[in-house]
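Down below is the structure, laid out as structure tokens.
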Amino acid sequence: AGAQDIKARMRARLPVIIKLKAQGIVGEDNQGYLAVLKNAGKQQEVVDAENQDRRKIYAAIAKQQGTTPALVGQRRAMKIAQKADPGTMIQDASGSWQQK
């Protein structure tokens, strides 16, 4: 899948992810991925698909920058945390969860 396809899929999932975050079902972990905090039920597929696409993006960015996907994800996690809506569950560097 090309970058445009991935972006389109991520945009299409965004309303569901925003809703899941607002309900406290998912949060943003410190590695740049969505983490399920409560039973996501059938929405688990959305979370899994989002994390798969994020993995692909982080790998592509890492290749461009000559670094690791893990480091790209950690950097992205910091940006996501800064931009997150109030009420979003965020995992800090030590692994603790807090509500923004």
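The values are calculated or read from the model by the stated rules, or taken from the named source; none is laboratory data. In this text the structure is predicted, and so the values were computed from the model without any measurement. Side chains included, ligands, DNA and RNA excluded: accessible areas come from the protein's heavy atoms. Shrake-Rupley method; radii C 1.70, N 1.55, O 1.52, S 1.80 Å.
Details
- Here the accessible area is traced with a 1.4 Å probe on the protein chains. For the chain, carbon and sulfur cover 54 percent of it.
- Of the whole protein surface, Asp29 contributes about 30 Å² of accessible area at a 1.4 Å probe radius.
- Protein heavy-atom accessible surface, 1.4 Å probe, per residue over the chain: 63 Å².
- log10 of Debye I(q)/I(0), alpha-carbon scatterers only, for segment 12-99 at 0.16, 0.19, 0.22 Å⁻¹: -0.61, -0.84, -1.08
- A full extension of the chain between Gln65 and Ala84 corresponds to an added length of 4.3 nm, given 0.36 nm per residue minus the alpha carbon distance.
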